[in-house]
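Remarks on the structure that follows.
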Amino acid sequence: MKYFDYAASTPLDTEAAEVYVKVATEYFGNSSSLHDIGGQSAALLENCREELANLMGIDKNGLFFTSGGTEGNFLAIEALLSSTKKEGKHIIAGMAEHSSIHGVLTRLKEAGYEITLLPLNENGLIDQEQLVHSIKRETILLTLQHVNSEIGTIQPIDKLAKICKDNEILFHSDFVQSFGKIDIKRLAPLVSSFTFSGHKIYGPKGIGGVYVDPQLKWEPFFPGSSHERGFRPGTLNVPAIAAMTVAAQKINAKLPEDLNRYELLRKAFIKTLEPIEEKVKIYQAADTSRQLSNIIGLRISGIQGQWMMLECNRHGFAISTGSACQVGRQSPAKVAQALGLTSDEAKEFIRISFGQSTRLEDVVELGERIVNIVHAFEAATVI
């Protein structure tokens, strides 16, 4: 099976796996314990926190470890809402946010918050004028993902952060798809909070983190929590944190190389689709600087995405129909709604995503296979 679903999850890096086993067997103490064995674990934990903070260009005192992006998004938003000094209960969010964000927003709406959801324009980006016009005196929070997980468009965090600052609005951004694929050092200090996840960068599943601006005074969502200065309950998974740190170091060191390679793979894949180009619609930013090359979101007119995914799977290629957190639900991917697709168009959506093990010949083979599947479908339809 040739894997083209790296936006959903990545394989664990071998060195990260070795570190996980070493830490789990040699630094097994609870990092909150006061004895020397616990102290060794705590020292390793803080070394990881400092290293990750350096990679991200943030104050380590604002970095907290979580079980991943979903928990991180929830806790980050709750922390920001507890810290705001501005009166109001109005939140602005992107319509195409990850399901974990929409889950939090649904709960907040039931609690009396007013939620404004912004669509994406034809380039897969938020319309900044529409954002400004959506701001009210009661607006206290904007939550918008940095990179869309289904089409790979990159939001201008710096410009959005300025809009928020000018209007005294806190800004949370989901960095799960951008950390390790984009240098976030310049952008990370501009937001009030952001999240990241280990299994998107060749680290373990079940580990991630949140940054919250240390200047904000937040209240714990779970009262009485003693871990991570009250940010979340539960004994910290130090082996996974150490493994994630190694994976983060490696992927950040390869950033320029990966960016160039993914751009070549993207161009090669799109070229292979030329025989059916009149049927293919790729959703991407017009400005290449606003597009992550390793995520390709597209639809093929007249062919349901789920059927295409199953046909590709039958021929040995693993692709997806969007975010893995959305699979199994009857509703289409959030990005389809945000882009204004009809119900039938939304059902045609598929996603191809590349990773560090993706080979050019496999990309070309996948493209050719999709072309053959389309031609076979057309022939069967005519008959």
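Taking every eigenvalue of the Cα gyration tensor of region 143-182, multiplying by 5 and rooting it, what semi-axes result, largest first, whole Å? Walk me through the numbers on the way to the answer.
Working: eigenvalues 85, 15, 14 Å².
Listed largest to smallest, the semi-axes of region 143-182 are 21, 9, 8 Å.
With 38 Å as the cut-off, how large is the P(r) tail for the chain, expressed as percent of Cα-Cα pairs? Mind dumping the intermediate values first?
Working: 15057 of 73153 pairs.
Roughly 21 percent, rounded to a whole number.
Could you derive backbone 3J(HN,Hα) for region 206-218 from the dihedral phi with the Karplus parameters 6.51, -1.76 and 1.60 (θ = phi - 60°), listing whole Hz in sequence and x where the residue is Gly or Pro?
Calculated HN-Hα couplings, in order: x, 9, x, x, 9, 10, 10, 3, x, 6, 8, 9, 9 Hz.
Using amide H atoms built in the peptide plane, which far-off residues or other-chain residues are under 5 Å from Ala318 H to H?
Lys2, Tyr3, Phe4
As a check on your grasp of the helix formula, calculate [θ] at 222 nm for the chain: sum -39500 (n - 2.57) over DSSP H runs of n ≥ 4, divide by the residue count, round to the nearest 500.
Numbers: 12 runs with 154 residues, N = 383.
It lands at -12500 deg cm²/dmol.
If the limit is 30 Å between Cα atoms, which of Lys89/Lys159; Lys250/Lys279; Lys89/Lys250; Lys89/Lys347 go over it? All intermediate terms of the calculation are to be shown ahead of the outcome.
Working: Lys89/Lys159 23 Å; Lys250/Lys279 39 Å; Lys89/Lys250 41 Å; Lys89/Lys347 35 Å.
Exceeds cut-off: Lys250/Lys279; Lys89/Lys250; Lys89/Lys347.
So for region 21-165, what are the equivalent ellipsoid semi-axes in whole Å, largest first, each being the square root of 5 times an eigenvalue of the Cα gyration tensor? Intermediate results must be reported in sequence, preceding the final value.
Numbers: eigenvalues 253, 64, 43 Å².
Largest first, region 21-165 gives 36, 18, 15 Å.
Given H placed 1.01 Å from N in the peptide plane, which residues other than close sequence neighbours of Asn294 have an amide H under 5 Å from its amide H?
Hits under the 5 Å cutoff: none.
Which whole-Hz couplings ³J(HN,Hα) result when phi for each residue of region 219-228 is put into the Karplus expression 6.51 cos²θ - 1.76 cosθ + 1.60, θ = phi - 60°, listed in order with x for Gly and Pro?
Going residue by residue, I get 10, x, 6, 9, x, x, 5, 9, 7, 6 Hz, with x marking Gly and Pro.
Check the straight Cα-Cα distances from Lys2 and name the lysines below 20 Å, setting aside those fewer than 8 residues away within the same chain.
Within the straight-line limit of under 20 Å, Lys2 reaches these lysines: Lys200, Lys267, Lys271.
From the phi angles alone, apply the Karplus equation (6.51, -1.76, 1.60; θ = phi - 60°) to region 339-353 and give each ³J(HN,Hα) in whole Hz, x where the residue is Gly or Pro.
Whole-Hz 3J(HN,Hα) from phi for region 339-353: 8, x, 6, 6, 4, 5, 5, 4, 6, 8, 6, 9, 10, 10, 9.
What are the radius of gyration and Dmax of region 87-219, computed over its Cα atoms and given in Å?
Cα-based Rg and Dmax for region 87-219 come out at 14.4, 42 Å.
In what sequence, highest mean first, do 211-218, 66-73 appear when ranked by Cβ atoms within 10 angstrom?
66-73, 211-218
For region 330-366, which trypsin sites (Lys or Arg not before Pro) are both in a DSSP coil and crowded by at most 15 other Cβ atoms within 10 Å?
Working: sites: Lys334, Lys347, Arg351, Arg359; in loops: Lys347, Arg359.
Hits after loop and neighbour filter: Arg359.
Values quoted throughout were computed directly from the atomic coordinates according to the rules given, and no laboratory measurement underlies them. In this text, all values refer to a predicted model and were calculated from it rather than measured experimentally. Every residue, glycine among them, receives a Cβ derived from its backbone with ideal geometry; neighbour counts consider all protein chains shown.
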